[in-house]
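*Asks:* The structure that follows is given in the form of structure tokens.
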């Protein structure tokens, strides 16, 4: 009988090697869920990167339109236009602005305020061609060559 016991134990060890089919299927299901979540995250981050690229392009277009004119009168004939895949719309309106004389510090005396002057408020909206919502809405100011 003694000879049979060691053989029986070694045979039991051989039967317990490896994974069962159920354990392998469960491990593959867990890996599939993890890879699915990873691919979804990568897909969303690439979409966000594309959106950021679009906003940067829209901002560069708005800057170039505003920089194309030194005075508001030069921008008034430009109401809208298209540059590549981008459409833009421009609105110029006169707005009074009170200037403050400042010499390194804010001066709150009444005589430090200058009379209000008219400047042009420039509102520009940039959107992709065919898109309903604006990708960028921006506001800036330009001086008038001659007061309106």
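*Asks:* Over all directions, average the projected area of the Cα convex hull of segment 18-143 and note it in nm².
*Replies:* Working: hull surface 63.3 nm².
The directionally averaged projection comes out at 15.8 nm².
*Asks:* Starting from 0.36 nm per residue, how many nanometres of slack lie between residue 39 and residue 78 once their C-alpha separation is accounted for?
*Replies:* On the way: separation 39, 0.36 × 39 = 14.04 nm, distance 4.51 nm.
Net length gain for the segment: 9.5 nm.
*Asks:* Between residue 49 and residue 23, what FRET efficiency comes out of the Förster formula 1/(1 + (r/R0)^6) with R0 = 41 Å and r the beta carbon distance, rounded to 0.05? Show your work: numbers first, answer last.
*Replies:* Values: r = 39 Å, r/R0 = 0.96.
Efficiency computed from Cβ-Cβ geometry: 0.55.
*Asks:* I need the calculated FRET efficiency for the pair residue 32 and residue 134, taking r as the beta carbon distance and R₀ as 30 Å, to the nearest 0.05. Can you show the working numbers first?
*Replies:* Values: r = 41 Å, r/R0 = 1.37.
With R0 = 30 Å, the Cβ-Cβ based efficiency is 0.15.
Laboratory data are not the source of any read-out in this text; all were calculated from the coordinates shown. Model, not experiment: these values are computed from the prediction. Neighbour counts are summed over all protein chains in view; Cβ atoms, including those assigned to glycine, are modelled from backbone coordinates with ideal geometry.
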